[in-house]
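The values are calculated or read from the model by the stated rules, or taken from the named source; none is laboratory data. Note that this is a predicted model, so its numbers are computed, not measured. As a convention, Cβ positions derive from the backbone with ideal geometry for all residues, glycine included, and neighbour counts pool all protein chains shown. The accessibility values were calculated without ligands, DNA or RNA, using every heavy atom of the protein model including side chains. Shrake-Rupley method; radii C 1.70, N 1.55, O 1.52, S 1.80 Å.
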Amino acid sequence: MKVVKSVKEMHLISGQLRLDGKKIGFVPTMGYLHEGHLSLVRKSKENSDITVVSIFVNPTQFAPTEDLDKYPRDFERDEMLLNQENVDFLFYPDKDEIYPEGFSTFVEVGEITKVLEGESRPSHFKGVTTIVSILFNIVKPHYSVFGQKDAQQASVIKKMTSDLHFEIEIEIAPIVREKDGLAMSSRNVYLNQKEREDALVLSKSLYLAEDLIKKGERDFNIIKEKMIGVISQAETAYLDYIQAVESDSFSKVNLFEKGKSYFVLIACRIGRTRLIDNLLIQIN
Ligand code: AMP
């Protein structure tokens, strides 16, 4: 695996790969890798000739009050893990090269970025779509894979890719969980022992929702009340939102209809750590 730091070098490499007729797969990450990230890498390797992974803790997607400075980083470990996966290129640019002084161009997606995560973190998606556009332009992938863990982000990226006519196939990969159900996240490292136990209420409440839906419940308000009951069992949990949305449009729903698919999404603070999780459901 070759580590590429310079934007110019990455441009040259991906330009040449395209000339050589190679299909480039791309996995953007913020590093501190876990099995969730590696599942995306494996998907990219299955679906392309050359896989590029980027590690960049993107400052524009963090609000001033958020955890940019303390976001976990371990480049050496990440490099080793990606080497083991036989990744071809690790793009690891400096923030000053990506955002030089005077940088002032942003990419903003409408509607779908205004709800849920967009409501709780108002400038977040603007930062995400800007960095992903920049990385798409540098890496020039044919294919890129994102995690359902960040379901709204994945939908926003799909919308941006379609609206801006990026000629890139976007794939969404399923959520990878710890054995006990907690969705893997780089931020799980912030949790102390008690909080780690409490964090299980996110996945537990989603499993309960799944179970109720399987048993025929179609009224989301009833399901939500029961989910809140699960969350309230954890002392360190502070609920941000629980919401059901149509899976394509992310418009909020209260009643599930036959033949449609939905996300049930949850965001919760466990102590000082904000965690998100979701469940994709198809109503038959
Ligand atoms: P991040 O490094 O948190 O920006 O995540 C990079 C990519 O990995 C995003 O597309 C995430 O959705 C994805 N990802 C993060 N956690 C998981 C997980 N537990 N399962 C699957 N994909 C994940």
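Of all the listed residues (Gln193, Gln243, Gln282), the sole one being under 23 Å from the mean Cα position of the chain (by Cα) and loosely packed, with under 15 Cβ neighbours inside 10 Å is Gln282. Per this entry, Val41 is not counted among residues that are in a strand (DSSP E or B), at negative phi, out of contact with any Gly (no Cβ under 6 Å at 6 or more places or on another chain) and within 16 Å of the ligand (Cβ to nearest atom). Where helices (runs of 4 or more DSSP H) sit wholly within the stretch 136-239, those with at least 2 residues that are within 16 Å of the ligand (Cβ to nearest atom) occupy 151-163, 200-214. Scanning the stretch 248-272 for residues that are of a type in the set (Lys, Arg) and either surrounded by 13 or more Cβ atoms within 10 Å (Cβ to Cβ) or in a strand (DSSP E or B) (or both) yields Lys252, Lys260, Arg269.
For the stretch 5-22, the condition of being in contact with an Asp or Glu (Cβ under 9 Å, 6 or more places away or on another chain), in a loop (DSSP other than H, G, I, E, B), polar (S, T, N, Q) and more than 11 Å from the ligand (Cβ to nearest atom) holds for at least one residue. Given the criteria aliphatic (A, V, I, L, M), assigned to a loop (DSSP other than H, G, I, E, B) and open to solvent by less than 20 Å² (accessible area, probe 1.4 Å), does Val109 qualify? Yes, satisfied. Annotation note: Cβ proximity below 9 Å between a residue of the stretch 170-184 that is on the phi > 0 side of the Ramachandran plot and a residue that is surrounded by 18 or more Cβ atoms within 10 Å (Cβ to Cβ) and modelled with pLDDT under 95 (sequence gap 6+ or interchain) occurs for no pair. For the residues Glu235, Glu217, Glu246, Glu225, the requirement of being more than 27 Å from Met30 (Cα to Cα), of a type in the set (Asp, Glu) and touching a Phe, Trp or Tyr at 6+ places or on another chain (Cβ under 7 Å) singles out Glu246. When the stretch 55-77 is filtered for residues that are under 20 Å from Ile131 (Cβ atoms), open to solvent by 30 Å² or more (accessible area, probe 1.4 Å) and either in a loop (DSSP other than H, G, I, E, B) or at pLDDT below 95 (or both), the ones remaining, listed by number, are Pro64, Thr65, Glu66, Leu68, Asp69, Lys70, Arg73. Once the stretch 24-37 is narrowed to residues that are under 22 Å from Gly181 (Cβ atoms) and open to solvent by 10 Å² or more (accessible area, probe 1.4 Å), the residue that is nearest to the ligand (Cβ to nearest atom) is Gly36. If I filter the stretch 78-94 for residues that are in contact with a strand residue (DSSP E or B) (Cβ under 9 Å, 6 or more places away or on another chain), open to solvent by less than 30 Å² (accessible area, probe 1.4 Å) and part of a helix (DSSP H, G or I), do I get at least one hit? Looking through the stretch 78-94, at least one residue is in contact with a strand residue (DSSP E or B) (Cβ under 9 Å, 6 or more places away or on another chain), open to solvent by less than 30 Å² (accessible area, probe 1.4 Å) and part of a helix (DSSP H, G or I). Taken together, the residues in the stretch 23-38 that are assigned to a loop (DSSP other than H, G, I, E, B) and either of a type in the set (Lys, Arg) or touching a Gly at 6+ places or on another chain (Cβ under 9 Å) (or both) amount to 1. Kindly list, by first and then second residue, each pair from a residue in the stretch 31-42 that is modelled with pLDDT under 95 to a residue that is part of a helix (DSSP H, G or I) and near the ligand (Cβ under 7 Å from one of its atoms), limited to pairs with Cβ atoms under 9 Å and residues at least 6 apart or on different chains. Short answer, once both residue conditions are applied: none. The single residue among Glu111, Glu97, Glu117, Glu85 that is farther than 30 Å from Ile266 by Cα and within 22 Å of the chain's Cα centre (by Cα) turns out to be Glu85. Is the stretch 11-23 home to any residue that is within 27 Å of Arg187 (Cβ to Cβ) and open to solvent by less than 70 Å² (accessible area, probe 1.4 Å)? No, the stretch 11-23 contains no residue that is within 27 Å of Arg187 (Cβ to Cβ) and open to solvent by less than 70 Å² (accessible area, probe 1.4 Å).
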